[in-house]
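The structure appears right after this line, and notes come after that.
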Number of protein chains: 2
Amino acid sequence: MPGLRPSLNNTGYAAGATRLEAYLYRYIPLVRHMQVRVAGFDATGLTLTAPLAANINHQSTAFGGSLVSLATLACWGLTWLLLEQEHGTHIVISESHILYLRPVTEALVAYCTLPDEPLLENFFVTLKRRHKARLELKAHILQGKILCARFTGTCVAYRENRPSA
Amino acid sequence: MPGLRPSLNNTGYAAGATRLEAYLYRYIPLVRHMQVRVAGFDATGLTLTAPLAANINHQSTAFGGSLVSLATLACWGLTWLLLEQEHGTHIVISESHILYLRPVTEALVAYCTLPDEPLLENFFVTLKRRHKARLELKAHILQGKILCARFTGTCVAYRENRPSA
């Protein structure tokens, strides 16, 4: 269904990535301290990165709190980009799970995949009808091509003027 | 079973809390930026706090990444305190789940409960026998007496000289 998946050219994706990074830096101090960067946004998903030094732990690997925060931001950020044109819509994360598989010894990378079209369609239709909808997202923490952690998060979008339940 | 649960007097608990806070500040830069404090440690569990301003988000409530990081640190920290005398033992968090129930609008508080005696006993016995053991922990994010998020985390402790599996 055209119009649900972002149908942007490369310039459009790059501009969205720039706006998201500016928004995160403006409002979330921890994003600045983690030195998060929006490293990629296209029709397949969103990639965030952060340097190891700012996010290191006592074993000289990535701090688990930084990894789960980066994955949370990747899922929240992708939802923000999907809904950027929907003024008055808020997004919160309601639940998440992370499975740490391997320590991360280089820069942190979180890649959140855009859900399949039927899921996206259902999300937008439900949001329009009920003024509130959930989106289940998956993110991977990667080091090169190696999967280091598997994350799932639920984002809830809601409109200010939704009918009381 | 005496000896498994920490059997400290108030001075002993306070000293453990001080050592944990110093350890976290020494090795994890994000702990400094979050301004985490070890606010309480006793026979029931461990409490960590962090000010809202350093951990705020775009809605002027606590950033989800800060909440899940604080809960992760509370569980990891309690395990660290349990194993402080066990030299050469490492602790990693292998998995976690968080359910966000309400926004946090004041200082962040994460309280990790010490598990029941049988679970602790099993943890220590397994660690001694296999040089590796898992501990399932629960943490609550609280605002006063109101539960704002429910967290579960699995800590894995292992000894350097464990037999290859």
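The values are calculated or read from the model by the stated rules, or taken from the named source; none is laboratory data. Keep in mind that this is a model prediction, so the values were computed, not measured. When we count neighbours, we look across all protein chains shown, and the Cβ atoms used for this are built from the backbone with ideal geometry, even at glycine.
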Quiz prompt | Residue selected from segment B:66-77 under the condition facing another protein chain (nearest Cβ under 7 Å) and touching a residue at least 40 places away in the same chain (Cβ under 8 Å), by the criterion farthest from the chain's Cα centre (by Cα) | solution = B:Ser66
Quiz prompt | Extreme residue, surrounded by the fewest Cβ atoms within 10 Å (Cβ to Cβ), among residues of segment B:75-86 that are touching a strand residue (DSSP E or B) at 6+ places or on another chain (Cβ under 9 Å) and more than 15 Å from A:Val68 (Cα to Cα) | solution = B:Glu86
Quiz prompt | Members of segment B:113-127 that are exposed (fewer than 15 other Cβ atoms within 10 Å of the Cβ) and either in contact with a Ser or Thr (Cβ under 7 Å, 6 or more places away or on another chain) or in contact (Cβ under 8 Å) with a residue 12 or more places away in the chain (or both) | solution = B:Glu117, B:Leu119
Practice problem: Return yes or no: is B:Arg32 under 22 Å from A:Ala71 (Cα atoms), touching a Leu at 6+ places or on another chain (Cβ under 9 Å) and basic (Lys, Arg)? | Solution: yes
Practice problem: Check A:Glu86, A:Glu106, A:Glu95 and return the single one that is at pLDDT 95 or above and under 15 Å from A:Ala157 (Cα atoms). | Solution: A:Glu95
Quiz item: All but one of (1) modelled with pLDDT of 95 or more; (2) in a loop (DSSP other than H, G, I, E, B); (3) more than 14 Å from chain B (Cβ to nearest Cβ) hold for A:Arg129; which doesn't?
Solution: (2)
Self-check item: Odd one out for B:Gly64 among (1) over 18 Å from A:Tyr100 (Cα atoms); (2) surrounded by fewer than 24 Cβ atoms within 10 Å (Cβ to Cβ)
Solution: (2)
Exercise. Could you grab me the full set of residues in segment A:128-143 that are out of contact with any helix residue (DSSP H, G or I) (no Cβ under 9 Å at 6 or more places or on another chain) and touching a residue at least 12 places away in the same chain (Cβ under 8 Å)?
Key: A:Arg130, A:His131, A:Leu142, A:Gln143
Exercise. Output the residue which, of all residues in segment A:18-53 that are surrounded by fewer than 21 Cβ atoms within 10 Å (Cβ to Cβ) and aliphatic (A, V, I, L, M), is modelled with the lowest pLDDT.
Key: A:Ala43
Quiz item: Out of segment B:33-65, which residues are in a loop (DSSP other than H, G, I, E, B) and either within 8 Å of another protein chain (Cβ to nearest Cβ) or among the polar types (S, T, N, Q) (or both)?
Solution: B:Gln35, B:Thr44, B:Asn57, B:His58, B:Gln59, B:Ser60, B:Thr61, B:Phe63
Practice problem: Could you check B:Ala165 against (1) in contact with a Cys (Cβ under 9 Å, 6 or more places away or on another chain); (2) aliphatic (A, V, I, L, M); (3) modelled with pLDDT under 95 and say which number it fails? | Solution: (1)
Quiz item: Among the residues of segment A:87-112 satisfying the criterion of being away from chain B (no Cβ under 11 Å), touching a residue at least 60 places away in the same chain (Cβ under 8 Å) and farther than 23 Å from B:Glu95 by Cβ, which is surrounded by the most Cβ atoms within 10 Å (Cβ to Cβ)?
Solution: A:Thr89
